[in-house]
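Notes follow the structure.
The values are calculated or read from the model by the stated rules, or taken from the named source; none is laboratory data. Everything quoted here is computed from the prediction, not taken from an experiment. All Cβ positions, even for glycine, are placed from backbone atoms using ideal geometry, and neighbour counts span all protein chains on display. Side chains included, ligands, DNA and RNA excluded: accessible areas come from the protein's heavy atoms. Shrake-Rupley method; radii C 1.70, N 1.55, O 1.52, S 1.80 Å.
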Amino acid sequence: MNLVLVGLPGSGKSSVGRRLAQRLDLPFFDSDVVIEQRLGCAIREYFEREGESRFRDIEQQVVAELASIPRGVVATGGGAVLRDANRRVLQVGAHVIYLRSSPEDLYRRLRHDVKRPLLQVDDPLARLRDLHAQRDPLYRQTAHTIVDTGRPSLVTLVNTIVTQL
Ligand code: S3P
C-alpha cells in the first residue's frame, strides 16, 4: 500500500514526501507535478483560464491513478480532499497522512507565494483561515494518521511519521 500526504498548501507535503520516500526507499510522486505535465502549463495558468472545476476534474483523475500505485509516496494538492470520490479512493487505496499546520504557520511560509491561485488575494491569511476551517474536517476524515507540523525540522517530522506507520 502507498503513503499519501494531505494537508493545506505550505504544510510541507512535497518536501516531507520526497524525504520520506528516500528514507523508505520508495518512489515519490507529486500530484501537482503530474497534473502540470498533463496540462502542459502551470496550474495557476490553467485555473485562471479554465476555472477551478475543470482543474478539479483533472485532479480527480490523477488522484485516482496515484492512489492505486502499489508502493510509493504521494504528495497531493491541498484541495485533493474536496471531492467525495477522492476521499473514498484515498481512504481505501492508501495510508493517508495529514500534515496539520496552523493558518498562521502556513502564512509565514507562503506570504510571498505567486504559484497558488487560491492565495492570490488581498488577504492570504484570511484565505488560509477559511481554507483551514473548510478543509481540516475533511483531512481528518480522510487520514489514517495525523502529524502536527508545527516547527520541527524535516528530519524530525519524517522520523515521527515513520514511527507511526
Ligand atoms: C490547491 C493547492 C495546490 C494546487 C492548486 C490547488 C488547493 O497544491 O493543487 O493550486 O486547492 O489548495 P499545494 O497544496 O501543493 O499548494
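Per-structure values
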{"item": "Residue within the stretch 142-162 that is touching a helix residue (DSSP H, G or I) at 6+ places or on another chain (Cβ under 9 Å) and acidic (Asp, Glu) present", "result": "yes"}
{"item": "Which listed residue, of 109, 100, is of a type in the set (Lys, Arg) and at pLDDT 95 or above", "result": "100"}
{"item": "Search result, residues across the stretch 45-57 that are crowded, with 17+ Cβ neighbours inside 10 Å and either farther than 15 Å from residue 115 by Cα or modelled with pLDDT under 95 (or both)", "result": "47, 56"}
{"item": "Selection within the stretch 22-50 - among the small types (Gly, Ala, Ser) and over 15 Å from the mean Cα position of the chain (by Cα)", "result": "40, 42"}
{"item": "Test: residue in the stretch 73-81 that is open to solvent by 20 Å² or more (accessible area, probe 1.4 Å) and at pLDDT 95 or above", "result": "no"}
{"item": "So residue 149, is it open to solvent by less than 20 Å² (accessible area, probe 1.4 Å) and more than 24 Å from residue 60 (Cβ to Cβ)", "result": "yes"}
{"item": "Which numbered condition residue 116 misses (of (1) within 13 Å of the ligand (Cβ to nearest atom); (2) modelled with pLDDT under 95; (3) exposed (fewer than 15 other Cβ atoms within 10 Å of the Cβ))", "result": "(3)"}
{"item": "Which listed residue is open to solvent by 20 Å² or more (accessible area, probe 1.4 Å), modelled with pLDDT of 95 or more and within 16 Å of the ligand (Cβ to nearest atom), from 131, 125", "result": "125"}
